[in-house]
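Some notes on the structure that comes next.
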Amino acid sequence: MKRIKLPAHIAVIMDGNGRWARRRFRPRAYGHRMGVQNMFKICGHAFNLGVRIVTVFALSAENLSRPKEEVDELFELFRSYFSKKRERMYELNVKICVLGDISVLPADIQDSIGEIERATAHLTSGLLNICVNYGARQELVRAVNKAVALGRVVDENSLESMVYTAGLPDPDLIIRTGGEIRLSNFLLYQAAYSELYFSGKMWPEFSKRDLEKAIENYSARDRRYGNVREE
C-alpha cells in the first residue's frame with residue numbers, strides 16, 4: 001500500500017456473518033466462525049500496516065436477546081477462541097482487552113478472558129479491544145452511575161475517564177461491513193469525530209485489500225474537527 005496518512009485507532013463493526021452463511025445455505029453459526037477467523041486476519045493486517053489500536057464489535061448487548069440456540073453457539077465460539085485456540089490471539093503479539101459487561105457470560109469464559117488479558121498485558125506493539133456484551137448507551141449509563149457513586153460532577157473530562165476506553169484515543173476511523181449504514185449503539189461517545197466508512201461486503205468476505213481501501217479513503221479526507229481551515 002502506498003504511503004498514506006494512517007489512522008492510529010480503527011474500530012470495526014463486523015456485520016453480515018449470519019447473512020453471509022445463509023446465502024451459502026449454511027447455518028448462522030458457520031458464518032460466525034468464519035467471521036472470527038477473518039477478524040484475526042484483518043486485525044493482524046491492520047497491526048502490520050502500523051495501526052496501533054483496533055477495536056472490534058464482537059457481541060452487542062442486544063445480541064443476547066437472539067434465540068437461545070444462537071446465543072449458546074456464540075458462547076461456544078468465545079469458549080473455543082478464549083480457551084482452546086487462544087494461541088491465535090497470542091500470535092497477534094498485542095495487548096488484548098475485553099470491553100463490556102462480561103458478568104453475564106459463563107464463568108469459564110470470564111476466567112479465560114481474564115487469563116488472556118493478564119498474559120498479554122505486557123505487550124506494547126498494539127492493542128486489540130474486543131467488545132463483548134457491549135452497548136454504548138449502557139456504557140454511558142454505567143459511567144454516569146459510577147460518577148454518582150463517587151459523588152463527582154460529570155463533565156467531559158470526568159466522563160471520559162469512566163467509559164470503557166478511558167485513557168485511549170478515540171477511533172480515527174470506524175468501519176462497518178454488511179451494507180448497513182448506522183452505528184448500532186457502538187462507541188457513540190467515542191465516535192464524535194470519527195470518520196465513518198461503510199462497506200457492502202459481508203464481514204467474512206472483507207479482505208485485506210478492502211481494509212487498505214478503507215484506510216486510503218480515510219487518508220483522503222480533511223479532518224477539521226469543526227474548525228475552518230485557512231485557504
Matching residues in segment 176-227 - criterion: being of a type in the set (Lys, Arg), without any contact (Cβ under 8 Å) to a residue 60 or more places away in the chain and either in a helix (DSSP H, G or I) or over 25 Å from residue 22 (Cβ atoms) (or both)
209, 213, 221, 223, 224
Residue set 123, 140, 92; condition within 21 Å of residue 32 (Cβ to Cβ), surrounded by 15 or more Cβ atoms within 10 Å (Cβ to Cβ) and of a type outside the set (Val, Ile, Thr); output residue 92
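Determine which member of the set 137, 152 is basic (Lys, Arg) and without any contact (Cβ under 8 Å) to a residue 40 or more places away in the chain. Lay out the reasoning, then the answer.
Numbers: 137 fails: without any contact (Cβ under 8 Å) to a residue 40 or more places away in the chain.
Checking each option against the conditions leaves just 152.
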Give the residue, chosen from 50, 44, that is surrounded by fewer than 14 Cβ atoms within 10 Å (Cβ to Cβ), of a type in the set (Gly, Ala, Ser) and closer than 19 Å to residue 9 by Cβ.
50
Just checking, does segment 9-29 include any residue being open to solvent by 10 Å² or more (accessible area, probe 1.4 Å), of a type in the set (Val, Ile, Thr) and touching a Leu at 6+ places or on another chain (Cβ under 7 Å)?
no
Quick one: in segment 165-220, which of the residues that are open to solvent by 10 Å² or more (accessible area, probe 1.4 Å) and touching a Gly at 6+ places or on another chain (Cβ under 7 Å) is farthest from residue 44 (Cα to Cα)?
185
For the condition within 30 Å of residue 34 (Cα to Cα), open to solvent by less than 40 Å² (accessible area, probe 1.4 Å) and free of Cβ contacts under 8 Å to residues at least 24 places away in the same chain, what is the one hit in 158, 103, 80?
80
May I ask you to list the residues in segment 123-145 that are closer than 14 Å to residue 189 by Cβ and not aliphatic (A, V, I, L, M)?
131, 134, 135, 137, 138, 139, 142
Can you tell me which residue within segment 63-77, out of those that are closer than 13 Å to residue 106 by Cα and charged (D, E, K, R), is surrounded by the most Cβ atoms within 10 Å (Cβ to Cβ)?
73
Residues in segment 106-120 that are within 18 Å of the chain's Cα centre (by Cα), open to solvent by 50 Å² or more (accessible area, probe 1.4 Å) and aliphatic (A, V, I, L, M): how many?
0
Charged (D, E, K, R), without any contact (Cβ under 8 Å) to a residue 24 or more places away in the chain and in contact with a helix residue (DSSP H, G or I) (Cβ under 9 Å, 6 or more places away or on another chain) - does that describe any residue in segment 14-21?
no
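The values are calculated or read from the model by the stated rules, or taken from the named source; none is laboratory data. None of these values were measured; they are calculated from a predicted model. Quick reminder, even Gly has a Cβ in these numbers, built from the backbone with ideal geometry, and neighbours come from all protein chains shown. Each accessible area value is taken on the protein alone, full model and side chains, heavy atoms only, with ligands, DNA and RNA left out. Shrake-Rupley method; radii C 1.70, N 1.55, O 1.52, S 1.80 Å.
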